[in-house]
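Every number here is computed from the coordinates shown, using simple stated rules; none is lab data. Note that this is a predicted model, so its numbers are computed, not measured. Ideal geometry is used to build each Cβ from the backbone, glycine not excepted, and the neighbour counts take in all protein chains shown.
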Amino acid sequence: MERLKNTVQSVRLWLALACGVFPALVSLANDGNRASSPPKPAAVAMLSLRVVLDTAALGSTATYAQLGLQAGPAVQQFYAQRNFAPAWTRPDSGGWNGNAQQALALLRSAPEFGLDPATYAWPTLLALPDSLRRSTQAASNLAGFELRLTDALLRYALHLRYGRLHPTTLLPIPLDKVQTQEAVDRLKLALTDTLLGPGFLRCQPASRAYQQLQQAWSKTLRAVPDSLRPSTGNAADFRRVALNLERLRWDASLPDSGDYALINIPAYQLQLIRAGRVVQTHRVVVGKAATPTPTLDSRIAVFVTAPEWRIPYSIAVTEILPELQNDPGFLAAHNYRLLDYRNRVVNPWRVNWQRVTPQTFPYTIRQAAGRRNALGNIVFYFANQHGIYVHDTPSRSLFREPRRDRSHGCIRVEKPLDLAAFLLKREGQLAALPDMRRSIATRQKCRYDLAQGLPIRIRYYTCEAENNRLRYYSDIYCQDETLAAALFKP
């Protein structure tokens, strides 16, 4: 309330400064009539908004700060395109108009979208009727409330579309020209409808995952009206849903109409999506907390059957070197070959392993194709800076475990041949299926290049919805804690 008082005081100040020019502008407000009759309320309201939003004296930053506007440039643009006509208040009788009542109801429903009404000053905006009854400065009060409601709605539209935080820095998303115009256009268009809400809410992402989660959460809240207040009732559930709706808004610009593979790390699941529908589902094994699977966007461009595994240097020196220092026969037991820098095979029994350290380890270790190869029968490659990929595994029992964060970062997939068949069908290469199976059976390496490729998205969602039911997953990498600290800080 204190902030709104400051806003109203700023409005009064501007109106007082403007009083000197009012006589000269009265004629304009009365269509050229220079009679001494007072200007019409609507004209006064338009004039007061124009004067209040004039940034010439203090500059835009100071002006918007005095008015308590967080989206000042967007507010300015909105009213300039309306010739500074009020959108929410009734200048003749005072108070909110019908559109404003619908707008306040929209702000009140913010928890259904993982947002907090307090972020948009909803409790303060409700105080307008009482404020007018207690004050003799109705015009300045109206202008202050008018601007604050527009500011709230423009920010609300942007948050519904893009989220509140930048996905990389977790800092508030700054307004750019494109987003400002988009929010202004959305609000203007919504005002042309009989009902404000449906048109306004079309700013949300249209993706399958977002829509399913938001609708399931909305249904849950509507069943328990008290839980519309994030600080009570289902507070823990609200926070979890809010975090994941935020993450889903970060993907608002990505298409949801084509084919793509989606891996949700906390769900231990890979889904193949076609035109917004799941056509295949696979269990997966993901990275341990110490070697987490990263989130990324890429494209599966090639897969290889009967692959040889070149063991990453980090695994070789931290896990295999201690085994070799204990028993050089470890390599033969696991079908590994030791190679020098010229790619020549080295006899591990002729190496003094006690003198080799992680810093002086000069070798490469490879594992030949076969039933015990760590990559299994097939590996799918996609460009990324982390050196990870999707692959088969000989450890099939892992897929029966409820918690499957067991890898060094790569993703092990439950039904790799089904995934390969899907890729070949998209490429019009179904005739290659028998050759693919023959390659696996004979352990003869074969490479399949994909002309189209398949987009792959690796994400971290700890809450999803399916068939209007919410599903919560363990925060295995503690990423919810970091995001919550930024999203819900006072």
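Key figures for this structure:
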{"read-out": "Mean Kyte hydropathy of -1.0 or more with a Cα span along the axis of at least 30 Å, helices from DSSP in the chain", "value": "138-162"}
{"read-out": "Listed peptides 393-405, 349-361, 452-464 by packing density, highest first (mean Cβ within 10 Å)", "value": "452-464, 393-405, 349-361"}
{"read-out": "Contact order normalised by residue count of the chain, Cα under 8 Å, 6+ apart, percent", "value": "15"}
{"read-out": "Between the range 252-304 and the range 465-490, the Cα center-to-center distance that results, in Å", "value": "18"}
{"read-out": "Fraction of beta bridges assigned by DSSP in the chain that are antiparallel (%, nearest 5)", "value": "85"}
{"read-out": "Separation of the residue 371 and residue 50 label points, Cα + 7 Å toward Cβ, nm", "value": "8.6"}
{"read-out": "Stretch gain in nm, segment residue 82-residue 417, where the contour uses 0.36 nm per residue and the Cα spacing is subtracted", "value": "114.6 nm"}
{"read-out": "Unit charges at the beta carbon, dipole of the chain: most positive-side option, 470, 302, 235", "value": "302"}
{"read-out": "Cβ-Cβ FRET estimate between residue 235 and residue 302, R0 fixed at 45 Å, reported to 0.05", "value": "0.45"}
{"read-out": "Ranked 408, 334, criterion: other C-beta atoms within 10 Å, fewest first", "value": "334, 408"}
{"read-out": "Cα gyration tensor shape for the range 309-367, rounded if a/c is under 1.5, else prolate or oblate", "value": "rounded"}
{"read-out": "Estimated FRET transfer efficiency (residue 444, residue 361; beta-carbon r; R0 45 Å; 0.05)", "value": "0.90"}
{"read-out": "Spin-label zone in the range 243-261 - amide nitrogen under 14 Å from a point set 7 Å from the Cα of residue 206 along the C-beta vector", "value": "252-258"}
{"read-out": "Estimated dipole of the chain in Debye, rounded to 20 [Cβ of Lys and Arg +1, of Asp and Glu -1, Cα centre]", "value": "1040"}
{"read-out": "Simple label model, 7 Å out from Cα along Cβ direction - residue 451 to residue 352, nm", "value": "5.9"}
{"read-out": "Mean-position separation - Cα centroids, the range 196-226 and the range 310-337, in angstrom", "value": "52"}
{"read-out": "Positive-end residue, the range 213-324 charge dipole about Cα centroid, Cβ charges, pick of 290, 318, 220", "value": "220"}
{"read-out": "Exposure proxy order (Cβ contacts within 10 Å, fewest to most) of 156, 336", "value": "336, 156"}
{"read-out": "Most to least packed among 243-251, 276-284, 142-150, 425-433 [average Cβ atoms within 10 Å]", "value": "142-150, 243-251, 276-284, 425-433"}
{"read-out": "Calculated P(r) tail over 16 Å for the range 395-483, as whole % of Cα pairs", "value": "71"}
{"read-out": "Segment residue 384-residue 224, extension gain: residue separation times 0.36 nm, minus the distance between their alpha carbons", "value": "53.1 nm"}
{"read-out": "Mean separation of Cα contacts under 8 Å (6+ apart) over length of the range 417-490, as relative contact order %", "value": "18"}
{"read-out": "Over the range 309-367, relative contact order from alpha-carbon pairs under 8 Å, at least 6 apart, %", "value": "48"}
{"read-out": "Kirkwood-based shape ratio for the chain, expressed as Rg/Rh from alpha carbons", "value": "1.15"}
{"read-out": "Segment residue 425-residue 437, length gained on full extension (0.36 nm per residue, minus Cα span)", "value": "2.8 nm"}
{"read-out": "Separation of the residue 345 and residue 310 label points, Cα + 7 Å toward Cβ, nm", "value": "1.9"}
